[in-house]
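**Q** Right, I'll just put the structure down here and ask away after.
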Amino acid sequence: MKKESLLGKTIEELKNTISELKMPKYTADQIAEWIYKKRVSTFDAMTNLSKKHRELLNENFSVGIYDPSVEEKSADGTIKYLYDTQNGNNVETVFIPEEDRATLCISSQVGCKFGCTFCMTGKQGFKENLTTGEILNQIYSQPNFEFLTNIVFMGMGEPLDNIQEVLRTCEVLTSDWGLAWSPRRITISTVGVMANMTKLLDQTQCHVAISLHSPFDDERAMLMPVQKASPIKPILDMLRSYEWRGQRRLSFEYIMFDGINDTNSHLRELKILLKGLHCRVNLIRYHAIPEFSYKTTSEDKMMYFRDTLTENNIIATIRKSRGEDIEAACGMLSSQKKP
């Protein structure tokens, strides 16, 4: 039977754990510092704890920091990691180095329930939610941890469908007793699960990215079945009630598909749909996936889209494609181990 890990526990939960073991209260603060600030993976490394207390912890718990089972490097320097979950599944994480920053794209679920018709993760279906510890381990076991500048919840799964574990993860990452990062270094991407949007917005100050992909309801529903249960327009109305000119940033992800969502009518409707929102639009190249019929929009058309939106006072950028040769680019992640 696997031991419960301490990685992922809040400071209050650590205090309760220590109390149950009849250890001094201050030990919880020591353990939090060893795990969340010093990133140790064994209790034996916690040298300011007594030998008796380290033995007690070893008998009852694990730290919960463990290495990935597979590592794959792209020609452009992107690195993809495969992690084993406690339930015997697998999940992928992507490290993306750039000249002035290094981003870690992390997963919140194995698979996904929402079945976007262009996404490999959605195609494989849903298997399980990751625990807070399993989400955090993607960060804490990262070989390039000291270079990280940003974390994005844009890997496998829908973060708002695992909202409690994602919120707990953000608490660890931003609390003084945890990693003590600014929430401005964290972006949470979502297809738009209305039921949990207010929890995300009220309980964190992290940046938010909404998967849009089409301004037309019927077309968005074809690309993203979630549109039927959680339409985008009520979500946008709700987003307008929040302040987006301060520390928190709102962006919209827009994967461009040739001949589907890259026309002038889409540009006109986008301008109407996003009117009054202080936001940016990230234009993303579609990365071809076997068995999917979609094609990538031309570079010229993407630049035209970007320039036209910018001329109409909507900040737009073309996201640089990374890691496509190792299936680490947007929409390509899955939990399938390669033979």
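**Q** Between residues in segment 133-152 that are farther than 19 Å from Arg168 by Cβ and residues that are of a type in the set (Ser, Thr, Tyr) and buried (at least 18 other Cβ atoms within 10 Å of the Cβ), which pairs lie under 6 Å by C-beta distance while being six or more apart or on different chains?
**A** Asn150/Thr103
**Q** Across segment 181-212, what is the number of residues that are under 12 Å from Ile163 (Cα atoms), of a type in the set (Val, Ile, Thr) and either touching a Cys at 6+ places or on another chain (Cβ under 6 Å) or surrounded by 18 or more Cβ atoms within 10 Å (Cβ to Cβ) (or both)?
**A** Looking only at that region, the number is 4.
**Q** Tell me, which strands (runs of 3 or more DSSP E) lie completely within segment 1-100 with 2 or more residues that are among the acidic types (Asp, Glu)?
**A** Working: elements: 70-73, 79-84, 90-97.
Of the strands (runs of 3 or more DSSP E) lying wholly inside segment 1-100, those with at least 2 residues that are among the acidic types (Asp, Glu) span 70-73.
**Q** Does Asp262 fit the bill of being farther than 17 Å from Phe153 by Cβ, surrounded by 15 or more Cβ atoms within 10 Å (Cβ to Cβ), over 22 Å from the mean Cα position of the chain (by Cα) and at pLDDT 95 or above? Break it down into steps so the answer makes sense when it comes.
**A** On the way: farther than 17 Å from Phe153 by Cβ: yes; surrounded by 15 or more Cβ atoms within 10 Å (Cβ to Cβ): yes; over 22 Å from the mean Cα position of the chain (by Cα): yes; at pLDDT 95 or above: yes.
When the stated conditions are applied, Asp262 passes them.
**Q** Looking at segment 99-119, which of its residues are closer than 25 Å to Ile260 by Cβ and touching a Pro at 6+ places or on another chain (Cβ under 9 Å)?
**A** Phe114, Gly115, Cys116, Thr117
**Q** Quick check, is Leu14 in the same structural domain as Lys320 (by TED's automatic domain parsing) and either among the aliphatic types (A, V, I, L, M) or in contact (Cβ under 8 Å) with a residue 12 or more places away in the chain (or both)? Let's see the steps before the verdict.
**A** Details: in the same structural domain as Lys320 (by TED's automatic domain parsing): no; either among the aliphatic types (A, V, I, L, M) or in contact (Cβ under 8 Å) with a residue 12 or more places away in the chain (or both): yes.
So Leu14 fails the test.
**Q** Any chance you could count how many residues in segment 167-184 are farther than 18 Å from Ser107 by Cβ and either in contact with a strand residue (DSSP E or B) (Cβ under 9 Å, 6 or more places away or on another chain) or not in a loop (DSSP other than H, G, I, E, B) (or both)?
**A** Residues flagged as farther than 18 Å from Ser107 by Cβ and either in contact with a strand residue (DSSP E or B) (Cβ under 9 Å, 6 or more places away or on another chain) or not in a loop (DSSP other than H, G, I, E, B) (or both) within segment 167-184 amount to 5.
**Q** Another question, if that's okay. Gly77 fails exactly one of the following numbered conditions: (1) surrounded by 17 or more Cβ atoms within 10 Å (Cβ to Cβ); (2) closer than 22 Å to Ser321 by Cα; (3) not aliphatic (A, V, I, L, M). What is the number of that condition?
**A** (1) is the only condition that Gly77 fails.
**Q** How many residues does segment 185-238 contain that are over 19 Å from Lys113 (Cα atoms) and free of Cβ contacts under 8 Å to residues at least 24 places away in the same chain?
**A** 4
**Q** Okay, moving on. Got a number for residues in segment 112-146 being assigned to a loop (DSSP other than H, G, I, E, B) and surrounded by fewer than 20 Cβ atoms within 10 Å (Cβ to Cβ)?
**A** Start the filter on segment 112-146 by keeping residues that are assigned to a loop (DSSP other than H, G, I, E, B), which leaves 112-119, 125, 130-131, 141-144.
Checking the rest, the ones that are also surrounded by fewer than 20 Cβ atoms within 10 Å (Cβ to Cβ) come to 113, 115, 117, 125, 141, 143-144.
Of the residues in segment 112-146, 7 are assigned to a loop (DSSP other than H, G, I, E, B) and surrounded by fewer than 20 Cβ atoms within 10 Å (Cβ to Cβ).
**Q** From the list Thr27, Thr93, which one is surrounded by 13 or more Cβ atoms within 10 Å (Cβ to Cβ) and under 19 Å from Glu4 (Cα atoms)? If you could, list the steps in order and put the result at the bottom.
**A** On the way: Thr93 fails: under 19 Å from Glu4 (Cα atoms).
Result of the check over Thr27, Thr93: Thr27.
**Q** Then there is this: Under the condition of being more than 25 Å from Lys295 (Cβ to Cβ) and among the small types (Gly, Ala, Ser), which residue from segment 193-241 is farthest from the chain's Cα centre (by Cα)?
**A** Applying the filter and picking the extreme gives Ser241.
**Q** Every residue in segment 152-167 that is surrounded by 24 or more Cβ atoms within 10 Å (Cβ to Cβ) and of a type in the set (D, E, K, R), please.
**A** Selection gives Glu158 alone.
**Q** Residue under question is Thr42, and the condition is that it be in the same structural domain as Phe126 (by TED's automatic domain parsing) and either under 20 Å from Lys3 (Cβ atoms) or touching a residue at least 12 places away in the same chain (Cβ under 8 Å) (or both); does it hold? Steps first, answer last, please.
**A** Values: in the same structural domain as Phe126 (by TED's automatic domain parsing): no; either under 20 Å from Lys3 (Cβ atoms) or touching a residue at least 12 places away in the same chain (Cβ under 8 Å) (or both): yes.
When the stated conditions are applied, Thr42 does not pass them.
**Q** Could I ask something else about it? State whether one or more residues within segment 61-82 are touching a Ser or Thr at 6+ places or on another chain (Cβ under 7 Å) and over 29 Å from Asn144 (Cβ atoms).
**A** There is no residue in segment 61-82 that is touching a Ser or Thr at 6+ places or on another chain (Cβ under 7 Å) and over 29 Å from Asn144 (Cβ atoms).
**Q** Restricting to segment 239-263, what's the tally of residues that are out of contact with any strand residue (DSSP E or B) (no Cβ under 7 Å at 6 or more places or on another chain) and of a type outside the set (Val, Ile, Thr)?
**A** Qualifying residue count, segment 239-263: 10.
**Q** Considering only segment 168-178, state which residues are crowded, with 19+ Cβ neighbours inside 10 Å and not hydroxyl-bearing (Ser, Thr, Tyr). Let's see the steps before the verdict.
**A** Residues of segment 168-178 that are crowded, with 19+ Cβ neighbours inside 10 Å, as a first pass: 168-170, 172-174, 178.
Within segment 168-178, Arg168, Cys170, Val172, Leu173, Gly178 meet the criteria.
The values are calculated or read from the model by the stated rules, or taken from the named source; none is laboratory data. Quantities reported herein were computed from a predicted structural model and do not represent experimental measurements. Heads up, the Cβs are rebuilt from the backbone with ideal geometry, glycines too, and the neighbour counts pull from every protein chain shown.
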